[in-house]
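Reading through the structure tokens given below for one structure.
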Amino acid sequence: MSDIVPPEVKPKPAVPAKPPNVGAHSPSSPFPPQGPGVGGGGIVAPPTSAIPVPIGSHGPSHAGSHSVGHSVGHGGGHTGGHAPAHSVGHGHGGSHSTGGGSTLLGYIGIDTIIEQMRKKTMKTGFDFNIMVVGHSGLGKSTLVNTLFKSQVSRKSAGWSRDEKIPKTMEIKSVSHVIEEGGVKMKLTVVDTPGFGDQINNDNCWEPISKYINEQFEKFLKEEVNITRKRRIPDTRVHCCLYFIPPTGHSLRQLDVEFMKRLSHSVNIIPVIAKSDTMTLEERQEFKQRVRKELEMNGIEFYPQKEFDDDIEDKSDNDKIRETMPFAVVGSDKEYQVNGKRVLGRKTPWGIIEVENPNHCEFAQLRDFLIRSHLQDLKEVTHNIHYETYRAKRLNENGDQHSSAPVLLQTHHALGGHWSWGQPDPRCPLPLRPDSCQSDNPHHLLTQEDLKTWRQHIGHCAFTSDLHI
């Protein structure tokens, strides 16, 4: 028997250098640096937390315990036990432990998925829909224009003597495409003129709640279509800025009722409007009083504590929650201050600089809303609020048509076989089986049929397309 020759041992190939600017980790802060294309130097890969990903392209889900929140924002998603995602794909030579027992012998390039997602987002763009709620005169349109540094929200010119004040609240939306650093965002601002302006404001939140649910319903109908669009238009409200009057006393009953009723269907971010009308001491006391009242009334505002993914997220979000509600000032006028042009409000005592953190908290609101949590706002809307609505609607269909499993018949070309579960796309409606002794073999199942068949089957899928 011939001797066994050991295989030739080849030298380990050199580890290729990691591509520049790929997978760079931004410093830990609740307010990361500004996104792409800001500050000169061409298009620079933005911090991953500022990279919005269109709904449908992100794999992680907030469903259930919201265990996979900032999959894009942290550069690779969180694994089962909330392990940091930065342990894989840094390519600094040597071997790399993946946390699962395997060892990488060289740089693979897994972390380039972030760059791929960035390029795709730059091509397709994304949607962001923001709603502003509060009574007239609180500067809602001015603040939104200041946030996005453009005239994206129409200012109301007030009512003339000849015009009648509308008896009901009306909801208006206006959309603009904003481009920065090669990234396109379709921004839709939903305004609610007339909210809280009536003598009797009972149930004045109902039109807003109806509007939010209508957008969920639109998305649901597109989603359950047999032939779906490649990209479903997203008109769902991702964020609701609720403007609190700067009374310095306490929340009005209207404020409490609105936020209590809508906090489970939309991401509410409370802000104190025109905070320059209060002194710094009055502002701080008012903020503490508002936070206490929100807690006493069980009102959850964004970011909700139960959606914190890990210790890092909890630490960052705790700082934000301690700052809220943001005391803001809005202005789209520029003034000269110390040789610089700044946005501000001119008063007899000086100029209140909008972006100066010593004057107001506008900068914190902008960084939170746009630069660090924009993607998460979209994900919470899709995976929590929309999923809650979707489950409720499908449960309503189930209660309406019985909780029994549905017997489905495939197309005649497949032999006319009966099966339990989801309908075949070519024959989407549940039909009556021949054993029901119906003259029409394509007759729909009746409630009595379902009761009969329910006794034979324990568990199976239930379709929302059932019609009885």
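A few comments on the model shown:
- Look at segment 204-228: where a residue is without any contact (Cβ under 8 Å) to a residue 12 or more places away in the chain and a partner is open to solvent by 30 Å² or more (accessible area, probe 1.4 Å) and in a helix (DSSP H, G or I), sitting 6+ places away or on another chain with Cβ atoms under 7 Å, you get ARG228/GLU222.
- Count of residues meeting criterion [open to solvent by less than 10 Å² (accessible area, probe 1.4 Å) and in contact (Cβ under 8 Å) with a residue 40 or more places away in the chain] in segment 257-302: 16
- Any hit, segment 199-210, residues being part of a strand (DSSP E or B) and closer than 23 Å to LYS172 by Cβ: no
- Within segment 306-330, the residues that satisfy the criterion of being in a loop (DSSP other than H, G, I, E, B) and open to solvent by less than 10 Å² (accessible area, probe 1.4 Å) are ASP309, MET324, PRO325, VAL328, VAL329.
- Qualifying residues in segment 331-353 (those that are free of Cβ contacts under 8 Å to residues at least 24 places away in the same chain, outside any strand (DSSP E or B) and not aromatic (Phe, Trp, Tyr)) - the one surrounded by the most Cβ atoms within 10 Å (Cβ to Cβ): LYS333
- So GLY137, is it on the phi > 0 side of the Ramachandran plot, modelled with pLDDT of 85 or more and under 21 Å from the mean Cα position of the chain (by Cα): no
- Scanning segment 356-375 for residues that are open to solvent by 10 Å² or more (accessible area, probe 1.4 Å), touching an Asp or Glu at 6+ places or on another chain (Cβ under 9 Å) and assigned to a helix (DSSP H, G or I) gives ALA363, ARG366, SER372.
- Against the conditions (1) of a type outside the set (D, E, K, R); (2) open to solvent by less than 50 Å² (accessible area, probe 1.4 Å); (3) farther than 27 Å from PHE307 by Cβ; (4) out of contact with any strand residue (DSSP E or B) (no Cβ under 7 Å at 6 or more places or on another chain), ASN203 satisfies every one except (2).
- Scoring GLY330 on the criteria (1) touching a Phe, Trp or Tyr at 6+ places or on another chain (Cβ under 8 Å); (2) over 13 Å from SER275 (Cβ atoms) leaves a single failure, condition (2).
The values are calculated or read from the model by the stated rules, or taken from the named source; none is laboratory data. Keep in mind it's a predicted model, so treat the numbers as computed, not measured. Counting neighbours? That spans all protein chains shown, and the Cβs are built from the backbone with ideal geometry, glycine included. What goes into the accessible areas is simple: the full protein's heavy atoms, side chains included, and nothing from ligands, DNA or RNA. Shrake-Rupley method; radii C 1.70, N 1.55, O 1.52, S 1.80 Å.
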